[in-house]
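Here, each number is a calculation from the coordinates, and none is a lab measurement. Every value quoted in this text rests on a predicted model; they were computed, and no experiment measured them. Methodologically, a virtual Cβ is constructed for each residue, glycine included, from the backbone with ideal geometry; neighbour enumeration extends over all protein chains shown.
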Amino acid sequence: MTTRFDAAALMEPLKAIVDKAGDIVREGAGRTRKIMHKGRIDLVTETDMAVEAMLKEELAVLLPGSDFLAEETAKETRPGELTWIIDPVDGTTNFAHGLPFVANSIALWHRDRVVLGVVNLPLLGEMFTAVEGQGASCNGIPVSVTDEADLEKTLLATGFPYDIDAHIDDILKHFRTLLPLTQGIRRPGAAALDLAYVACGRFDGFYERALNPWDTAAGLLLVAEAGGRVSEYDATVPYAFGSGSILATNGRIHEELSGLLLRD
């Protein structure tokens, strides 16, 4: 397997490929969508499948020898040494209902970490990019997390797992704890978008349970490269694929928010 490469050199051709993914989403948004169910509230559309197929074909040419961990075809959640981690359409339920909060999320994993990430919001006209050690950008303009340290002045985001029955008590407990202490909590319905919005300072923090690698891989690099912090709900435990929870913040509120999420 090829393991010697320059991640930064891949970014421009990767952006061109991701633009094609955005074209497929925009085209799909303009016509009647064929919706299939993976679970009661877990949807997949023909657009998800078309984007994933295109990305796998193009990325295999871009980086020969790389593997794939993609939402619609993954048989496991552990990346290999050199692996593209893909969520072709994060926010499929939004897409199926005509909401624009939809993302293409593509990350490159090398050996033990994410080194390249793109979160594209094709219906909103924004592409967030990050290369390890080189910062994060939106449409080519550098972005950074907020420097807000007062929880009362922060805006948070969260999401709801597909297995909502198993998590509803936890979700409601956190709402009861956090809503009175912040300016609000938003739920756009696409974790990749939530993480990108933390990276560019629209949200001060994001928390959610039961996410998969393709939900978080690109976004966690965006947050880290924008100066933020990512962990499990327990701030002392680094976030890793397979973690039961994720907490991403500007870093200034991380410890306090962690303590509140862990409070009985």
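Rounded to the nearest angstrom and listed largest first, the equivalent-ellipsoid semi-axes of the chain from its Cα gyration tensor are 28, 21, 17. Segment Arg202..Ile141, full-extension length gain: 20.5 nm, with 0.36 nm per residue of separation and the alpha-carbon distance subtracted. Size check on the range 7-143: the Cα extents along the three principal axes, sorted descending, read 40, 35, 23 Å.
Remark: the Arg187-Met49 segment gains 47.2 nm on full extension, using 0.36 nm per residue and subtracting the alpha carbon distance. Projecting label points 7 angstrom from Cα along Cα→Cβ for Arg176 and Leu62 puts them 4.6 nm apart. Computed 3J(HN,Hα) for the range 134-150, one whole-Hz value per residue from the Karplus formula 6.51 cos²θ - 1.76 cosθ + 1.60 where θ = phi - 60°, is 10, x, 10, 9, 10, 6, x, 9, x, 10, 8, 6, 6, 10, 6, 10, 8, glycine and proline marked x. Our coupling estimate for the range 195-201, obtained by passing each phi through the Karplus curve with A = 6.51, B = -1.76, C = 1.60 and θ = phi - 60°, is 5, 4, 6, 5, 4, 9, x Hz, Gly and Pro reported as x.
Identify the residues of the range 160-189 with backbone N under 17 Å of a label point that sits 7 angstrom from the Cα of Asp150 along the Cα-to-Cβ direction, or state none. Zone members listed by number: 180-184. When the chain is treated as a Gaussian network with alpha carbon springs shorter than 10 Å, the biggest mean-square fluctuation among Gly117, Gly28, Gly125 belongs to Gly125. What stretch of the chain, leaving out the sites themselves, is the longest with no trypsin sites (Lys or Arg not before Pro) in a DSSP loop having at most 10 other Cβ atoms within 10 Å? Of all site-free stretches, the longest is 76-262. The alpha carbon gyration tensor of the range 97-189 gives principal lengths a ≥ b ≥ c with a/c of 1.5 or higher and a/b greater than b/c, which makes the shape prolate.
Residues whose amide H comes within less than 5 Å of that of Trp84, counting only those at least five positions distant or on another chain, are Asp67, Phe68, Leu69, Trp109 (H built at 1.01 Å from N in the peptide plane). Couplings 3J(HN,Hα) for the range 96-112, derived from phi with the Karplus relation 6.51 cos²θ - 1.76 cosθ + 1.60 (θ = phi - 60°), are 5, 9, x, 8, x, 7, 9, 9, 9, 10, 9, 9, 10, 9, 10, 6, 9 Hz, where x marks Gly and Pro.
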